[in-house]
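Shown next, in structure tokens, is the structure this report addresses.
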Amino acid sequence: MRILFLVLCVLAPLAYAQQGPVRYGYRVVNTYPHDITAFTQGLFYHEGFLFEGTGKRGLSKLSKLNLEDASELLTKSLSQRYFGEGIEVVDDKIYQLTWQSHMVFVYDKHSFDQLETHYNATEGWGLAYNGEHLILSDGSARLQFMDPETFAPVRSVDVTLNGSAIPNLNELEYINGEVWANVWQTDFILRIDPATGRVNSVVDLTGLSAMTELGSSEAVLNGIAWDADTERLFVTGKHWAHLFEIEVLGP
Ligand SMILES: [Ca+2]
């Protein structure tokens, strides 16, 4: 049933992509190790390091990682009852969502000491930051823009492709004025206009998961990180043995 839903909601609109959004391909620039046991739910690159948030109860954590060898420099485990989701940095704070617990944890980015918590009314999936608001996905087609001080929603948009709402927006990244979103259980990243929710273009990462080992049946593309200083784009997946630097190729 879920597969049928995805075909109708995601793949069908993409089939008409030649009349709508541009479809981009990719090239692998570099391959790095990634912990195959990590159920990747949040990913960003900041000041020379990779930060990853993982899910599953009892295995959820926030980690600061060395890109080259995936060694863990700092880690904070969540309590057994929380399922970790998206992460993002704002100034000196790192935010971490939980899936269905409505809890948002805020840590000092240097020590991972917990500073505060916030309430999120919806499920927590992906998180990004546009320099003013945190951008949250909750598994639906909606992106919410949250005040970082209070985590209160300021506005929202529904993401559409050729007029159809695209649900299952998962891990997010804000890149040069666009929101990039993994669509859960697909090989597609949507490039979204944050003002209107319209999908400007699609990055098709078909074939990438075949270039790594997959650690479980839940191993799907999820994790986009942008190094704005050197303009490097990193992607990985849940239970993937590798993280890839990719270059997006024109249609
Ligand atoms: Ca991200």
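Checked against (1) within 16 Å of the ligand (Cβ to nearest atom); (2) in contact (Cβ under 8 Å) with a residue 24 or more places away in the chain, E231 passes all but a single condition, namely (2).
So which residues in the range 231-251 are modelled with pLDDT under 95 and over 16 Å from T206 (Cβ atoms), if there are any at all? G250 - this is the single residue of the range 231-251 that is modelled with pLDDT under 95 and over 16 Å from T206 (Cβ atoms). Output the residues belonging to the range 57-76 that are surrounded by 17 or more Cβ atoms within 10 Å (Cβ to Cβ), away from the ligand (no atom under 16 Å from the Cβ) and in a loop (DSSP other than H, G, I, E, B). Residues satisfying the conditions are S60, A70. The residue that is farthest from the chain's Cα centre (by Cα), counting only those in the range 100-125 that are under 19 Å from T40 (Cβ atoms) and not in a loop (DSSP other than H, G, I, E, B), is Y107.
Filtered by the rule that a residue be aliphatic (A, V, I, L, M) and away from the ligand (no atom under 16 Å from the Cβ), the range 20-56 gives V22, V28, V29, I36. As a summary of the residue check, L50 satisfies the conditions (1) surrounded by fewer than 22 Cβ atoms within 10 Å (Cβ to Cβ); (2) aliphatic (A, V, I, L, M); (3) under 20 Å from E245 (Cβ atoms) except for the one numbered (1).
Here is a check on your reading of the model: is F105 hydrophobic (A, V, I, L, M, F, W, C), within 20 Å of L221 (Cα to Cα), at pLDDT 95 or above and away from the ligand (no atom under 16 Å from the Cβ)? Here the answer is no, as F105 does not meet what is asked.
Being more than 16 Å from the ligand (Cβ to nearest atom) and not acidic (D, E) is the filter; apply it to the range 169-187 and report the residue that is nearest to Y119 (Cα to Cα). Walk me through it before giving the result.
Keep residues of the range 169-187 that are more than 16 Å from the ligand (Cβ to nearest atom), which gives 185-187.
Filter once more, keeping what is not acidic (D, E): 185-186.
Numbers: Q185: 27, T186: 29 Å.
So the residue we want is Q185.
Remark: N222 matches the filter, which requires a residue to be within 16 Å of the ligand (Cβ to nearest atom), crowded, with 19+ Cβ neighbours inside 10 Å and among the polar types (S, T, N, Q).
Would you say D91 is of a type in the set (D, E, K, R), more than 15 Å from the ligand (Cβ to nearest atom), crowded, with 18+ Cβ neighbours inside 10 Å and free of Cβ contacts under 8 Å to residues at least 60 places away in the same chain? Answer is no for this residue.
The values are calculated or read from the model by the stated rules, or taken from the named source; none is laboratory data. Keep in mind that this is a model prediction, so the values were computed, not measured. Note that we place each Cβ from the backbone using ideal geometry, even for glycine, and neighbour counts take in every protein chain shown.
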